[in-house]
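Colleague: Have a look at the structure that comes next, please.
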Amino acid sequence: MNAVRSPHSPRSLRGSRVALAGLAAVFLFEMLDNSVLNVALPTIGRELQVGATGLQWVTTAYSVVFGGLMLAAGAVADRYGRRQVMLVGLVLLGLASLATAFVTTADQLIAVRVATGIAAAMTTPGSMALAFRLFDDDERRVRAITVISTVGLVGLAVGPTVGGLVLAVAPWQVLLLVNVPIAGLAFVGIRVGVTADDPAGLHRAPVDWTGAALGTVTIVLALVAPTRFADGGLDDWTAWTATAGAIGGGVWFAVRQRRVEHPLLDLALVARPLVSSGLAYKAATGLAVAGLGYLVTLHLQLAWGWPPALAAIGMLPQVAVLVAGSAFVGPFVRRVGLGHAAWSSAAAVVVGLAVYTVLGPLGYGWIALALVLVAAGMRVVGVVAGTNVLRGLPEDRTTIGAALVDTSSEVASAVGVAIAGTVLGAVFTGSLTATPWTHAQGVAFDHAVTIGGSVLTVLAGVLVVWTMVRAGRARPTAPSPAAEGVASEGRPEEHQPAGR
């Protein structure tokens, strides 16, 4: 691919500040939405008279629809325009959030969450794809994605605290109504700051709607199955049914994508070392981060008896690194290159999980160290792994590439929580939430941490090692537009073999 610089590419981040504000607002919604809602679940349960199962679906409905539709939405965006699909999704997000003001039953709220999940699937992958396409060189791409992710992580960090303060003076609906002005800001920023897609840069093949349906069902079942295992244990037949359905659907999807004339997802592109390695790094990180977050939350509040406020303070090392790490990402990537930054940051996440698994029960200091290592690694991998995936794909497949990144992280996170929850359910005896625990229960929890953490560490570690080997197979070829920007800075670069 010849290096061609777009005449519309901004020369600096300052020149793209309107577009970045809009894209950052999209990511802020994604990070803020569930974290704020979780704070309100007890209040929602009381006011709408809904039990634990109904509350679970209030959060799960969004995640399942969001994860399940991302590939289909990404494929549509690459064909009909990323900017156009994102703007439609933002209108849907604003309307769905506004409908919260009229919710009076749990079923209505779940319907609103489903609509919000559809809107998220239409907007979230596009935020990374459009940020990537704003610039023609990787340094500014990394900086732009770092800015966007920092805004989202600040929302994630302050969301629970702000949500708690709002609930003290306002009804819970306000926490979801805040998405209306966020959607409005995003719409204006993208409408004004992002140029319309060049028709020459769109993927012209027709959409494989059968493949889209298969992919959606497969991902939905892949997200539901871990949740059922965590809730019902290894004896839950619904969990095994969902697992079998996900595997069968995945095989059927793969066979169809290899045989159909115009596949939804070209598996040959996914198999490229740069793409597959980026997805695997994201999966390894999602697996480790979700499992660690689940276990540490229970560790502080149930095993050690910390009140929620103190437990929130105990998570501050992770929050501080996530928020402040933006100043570290750019210099680190410039120094070591995107490839080395990806594997070393993913390895840091695995090491942090290992520290918690082996030493966490010995004292909070070790938990704090684990949180810092995981946050530092996650902060870098969240930027560079996605960038690498998009670098390895043709220009007309960037949105579905971003959707793949988000999907790999979503599914891996669900599996991480399921593994931790299933091991805990098998080892721990008695009621998990009935405190204080007996000495035997405390010992059982420590054993569960050791077993569950070890399984997650090994799985994530194997993914990272395999990915390092896989990424190393990328051989230099003619530079792409993305590669030219990095090569001009004298930094290491990975080029993608055209025939792989």
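The values are calculated or read from the model by the stated rules, or taken from the named source; none is laboratory data. Computed from a predicted structure; not experimentally measured. Note: ideal-geometry Cβ built from the backbone for every residue, glycine included; neighbour counts use all protein chains shown. Areas reflect the complete protein model, heavy atoms only, side chains present, ligands, DNA and RNA absent. Shrake-Rupley method; radii C 1.70, N 1.55, O 1.52, S 1.80 Å.
Colleague: Identify all residues within the range 204-221 that are among the hydrophobic types (A, V, I, L, M, F, W, C) and either at pLDDT below 85 or outside any helix (DSSP H, G or I) (or both); write none if there are none.
Modeller: Ala205, Val207
Colleague: Which residue pairs have Cβ atoms under 6 Å apart, sit 6 or more places apart or on different chains, and have a first residue in the range 322-343 that is modelled with pLDDT of 85 or more and a second that is open to solvent by 70 Å² or more (accessible area, probe 1.4 Å)?
Modeller: Trp343/Met468
Colleague: State all residues of the range 199-220 that are under 15 Å from Val64 (Cα atoms) and either in contact with a Lys or Arg (Cβ under 7 Å, 6 or more places away or on another chain) or of a type in the set (D, E, K, R) (or both); if no residue qualifies, say none.
Modeller: Leu214
Colleague: Now for a different question. Can you tell me which residues in the range 167-201 are open to solvent by less than 50 Å² (accessible area, probe 1.4 Å), part of a helix (DSSP H, G or I) and either without any contact (Cβ under 8 Å) to a residue 40 or more places away in the chain or among the polar types (S, T, N, Q) (or both)?
Modeller: Gln173, Asn179 - these are the residues of the range 167-201 that are open to solvent by less than 50 Å² (accessible area, probe 1.4 Å), part of a helix (DSSP H, G or I) and either without any contact (Cβ under 8 Å) to a residue 40 or more places away in the chain or among the polar types (S, T, N, Q) (or both).
Colleague: Can you find even one residue in the range 264-284 that is of a type in the set (A, V, I, L, M), free of Cβ contacts under 8 Å to residues at least 60 places away in the same chain and open to solvent by 20 Å² or more (accessible area, probe 1.4 Å)?
Modeller: yes
Colleague: Condition check: hydroxyl-bearing (Ser, Thr, Tyr), open to solvent by 10 Å² or more (accessible area, probe 1.4 Å) and at pLDDT 90 or above. Does Tyr364 satisfy that?
Modeller: Answer is yes for this residue.
Yes/no per residue for (1) without any contact (Cβ under 8 Å) to a residue 40 or more places away in the chain; (2) part of a helix (DSSP H, G or I); (3) open to solvent by less than 10 Å² (accessible area, probe 1.4 Å); (4) under 17 Å from Val174 (Cα atoms):
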| position | (1), (2), (3), (4) |
| --- | --- |
| Leu95 | yes, yes, no, yes |
| Ala101 | no, yes, no, yes |
| Val112 | no, yes, no, yes |
| Thr123 | no, yes, yes, no |
| Arg133 | no, yes, no, no |
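Colleague: Next question, about the same structure. Tell me which residues, restricted to the range 229-252, are under 15 Å from Ala426 (Cα atoms) and in contact (Cβ under 8 Å) with a residue 24 or more places away in the chain.
Modeller: Phe229, Ala230, Asp231, Gly233, Leu234
Colleague: Quick check, is Arg204 open to solvent by 40 Å² or more (accessible area, probe 1.4 Å), under 30 Å from Ser16 (Cα atoms) and in contact (Cβ under 8 Å) with a residue 12 or more places away in the chain?
Modeller: When the stated conditions are applied, Arg204 passes them.
Colleague: Right, here's the next one. Can you pull out every residue in the range 135-166 that is outside any helix (DSSP H, G or I) and not aromatic (Phe, Trp, Tyr)?
Modeller: Hits for the range 135-166 are Asp136, Asp137.
Colleague: Among the residues of the range 385-403, write down those that are assigned to a helix (DSSP H, G or I) and open to solvent by 20 Å² or more (accessible area, probe 1.4 Å).
Modeller: Matches in the range 385-403: Arg391, Glu395, Asp396, Arg397.
Colleague: Of (1) modelled with pLDDT under 80; (2) surrounded by 20 or more Cβ atoms within 10 Å (Cβ to Cβ), Phe29 satisfies all except one. Which?
Modeller: (1)
Colleague: Working only within the range 229-243, note down all residues that are outside any helix (DSSP H, G or I) and open to solvent by 30 Å² or more (accessible area, probe 1.4 Å).
Modeller: Within the range 229-243, Leu234, Asp235 meet the criteria.
Colleague: Given the conditions (1) open to solvent by 10 Å² or more (accessible area, probe 1.4 Å); (2) among the hydroxyl-bearing types (Ser, Thr, Tyr); (3) under 15 Å from Ala288 (Cβ atoms), and given that Ser345 satisfies all but one, which numbered condition is not satisfied?
Modeller: Going through the list (1) open to solvent by 10 Å² or more (accessible area, probe 1.4 Å); (2) among the hydroxyl-bearing types (Ser, Thr, Tyr); (3) under 15 Å from Ala288 (Cβ atoms), Ser345 breaks only (1).
One line per residue, one yes/no per condition, for (1) at pLDDT below 85; (2) closer than 15 Å to Ile400 by Cβ:
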residue: Gln257; (1), (2): no, yes
residue: Leu267; (1), (2): no, yes
residue: Val275; (1), (2): no, yes
residue: Gly278; (1), (2): no, yes
residue: Ala284; (1), (2): no, no
residue: Gly291; (1), (2): no, no
residue: Leu302; (1), (2): yes, no
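Colleague: Something else now. How many residues are without any contact (Cβ under 8 Å) to a residue 40 or more places away in the chain, assigned to a helix (DSSP H, G or I) and either more than 12 Å from Thr457 (Cβ to Cβ) or not aliphatic (A, V, I, L, M) (or both) when one looks only at the range 346-368?
Modeller: Selection size over the range 346-368: 5.
Colleague: Here are the criteria: (1) part of a helix (DSSP H, G or I); (2) modelled with pLDDT under 75. Tell me which single one Pro479 does not satisfy.
Modeller: In the conditions (1) part of a helix (DSSP H, G or I); (2) modelled with pLDDT under 75, Pro479 misses (1) alone.
Colleague: Would you check if Gly325 is of a type outside the set (Ser, Thr, Tyr), in contact with a Pro (Cβ under 7 Å, 6 or more places away or on another chain), farther than 24 Å from Phe445 by Cβ and crowded, with 19+ Cβ neighbours inside 10 Å?
Modeller: no
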